[in-house]
1. Using θ = phi - 60° and the Karplus relation 6.51 cos²θ - 1.76 cosθ + 1.60, list the HN-Hα couplings for the range 24-40 in order, rounded to whole Hz, with x at every Gly or Pro.
2. Search the structure for amide H atoms under 5 Å from the amide H of ASN55, placed 1.01 Å from N in the peptide plane, and list their residues when 5 or more places away or on another chain.
3. So who's got an amide H within less than 5 Å of the one on TRP44, skipping anything under 5 residues away but keeping other chains? H placed 1.01 Å off N, in plane.
Amino acid sequence: MTKKSKQKTPSKTFKIKECPKCNSDSVRVVIGENGIWECCKCSWKGKDIIEKELNEDKFMKYLNDKGEEVA
Ligand SMILES: [Zn+2]
């Protein structure tokens, strides 16, 4: 008997991006530059952005952790 693993991903995953320098998630694509990111906090700029994939649990925790930081 073979197990079919054709389930649609049971839990959502969320992709977040972080600055490799200060680990802030206040990063954004530089308009007009292809694949270049910049950090709003430390003004880092480059392509080596950190991508993380979080499941729903971790994402909630992540939101909680940064919850207090409302600019
Ligand atoms: Zn940064």
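1. For the range 24-40, the Karplus-derived couplings read 7, 9, 7, 10, 8, 6, 7, 5, x, 10, 7, x, 9, 10, 9, 9, 6 Hz, x marking Gly and Pro.
2. PHE14
3. Amide H neighbours of TRP44, under 5 Å, 5+ apart: CYS39.
Values in this text are rule-based calculations from the coordinates and carry no lab data. None of the values given here were measured: they were computed from a predicted structure.
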